[in-house]
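The values are calculated or read from the model by the stated rules, or taken from the named source; none is laboratory data. It should be emphasised that the depicted structure is a prediction, and the values quoted were computed from it without experimental measurement. Here the Cβ positions follow ideal geometry from the backbone for every residue, glycine too, while neighbour counts run over all protein chains shown. Heads up: the accessible areas ignore ligands, DNA and RNA and are worked out on the full protein's heavy atoms, side chains in. Shrake-Rupley method; radii C 1.70, N 1.55, O 1.52, S 1.80 Å.
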Amino acid sequence: NALYDLGEIANTENPEIREDLQIAKEEIDRAQEIITNLLEFSRDSGTEMESVDLNDQLRKTLQLMHKYLQTHTVKVRTVWGKVGTCFANQNALRQVFLNLITNAVQAMPNGGELRVRTQRHNKTQVRIEFGDTGVGIAKEHVNDIFNPFFTTKDPGQGTGLGLSVVHSVIKRYQGNISVQSEPNVG
């Protein structure tokens, strides 16, 4: 809030000051995102659990990200299976979906297609697949992508926490997560 107070008393008519304030705001927002991801990564498994309709949660997440997807020229193709509900923390699952979708979009700098598919795996498990037509992951990095702070992005472009948070949440619910990727295929 101090930054916004500073914005009220500083001479924002001066383009240099306005630009410096904007940069400071962006860096504060980035730091806040890192803190939020760190908190999610370290969160205790005792968070509020509830019955969550997986397809509905995924639809809502995709609707929430509609403008982001559109801006990045990413078309979405979905296949909704009869997966029902699961007992989980709704916010944690939303974070998983947001991180996976964001990661897929960032892997498609020139646009592409995001595929989301849900299906019943067996009596007690569901399978959710996310696929993209992006740049793919080099073989030497595939085993590292779920490690905290690992990133192939340029400095300032990513924290390396998104997929580690995804991994942490999925493991918390006794799930499995795997990746298949090929450079320039997705």
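Given the residues Q90, Q57, which is the only one that is open to solvent by 50 Å² or more (accessible area, probe 1.4 Å) and under 19 Å from I170 (Cβ atoms)?
Numbers: Q57 fails: open to solvent by 50 Å² or more (accessible area, probe 1.4 Å).
Being open to solvent by 50 Å² or more (accessible area, probe 1.4 Å) and under 19 Å from I170 (Cβ atoms) holds for just one of Q90, Q57, which is Q90.
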Checked pairs for segment 101-128, first at positive phi, second open to solvent by 50 Å² or more (accessible area, probe 1.4 Å), C-beta under 9 Å and 6 or more apart or across chains, list as G111/H72; G111/T73; G111/K75; G111/T133; G112/H72; G112/T73; G112/K75; G112/T133
For segment 163-181, give me each residue that is small (G, A, S), over 16 Å from T102 (Cα atoms) and surrounded by 14 or more Cβ atoms within 10 Å (Cβ to Cβ).
S168, G175, S181
Taking the criterion of being among the aliphatic types (A, V, I, L, M), open to solvent by less than 70 Å² (accessible area, probe 1.4 Å) and either modelled with pLDDT under 85 or under 21 Å from T124 (Cβ atoms) (or both), would at least one residue in segment 70-78 satisfy it?
no
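Within segment 116-129, restricting attention to residues that are under 16 Å from the mean Cα position of the chain (by Cα) and surrounded by 17 or more Cβ atoms within 10 Å (Cβ to Cβ), which residue is nearest to I177 (Cα to Cα)?
Quick first cut of segment 116-129, residues under 16 Å from the mean Cα position of the chain (by Cα) only: 116, 128-129.
Within this subset, residues satisfying the condition of being surrounded by 17 or more Cβ atoms within 10 Å (Cβ to Cβ) are 116, 128.
Numbers: V116: 15, I128: 10 Å.
The qualifying residue nearest to I177 (Cα to Cα) is I128.
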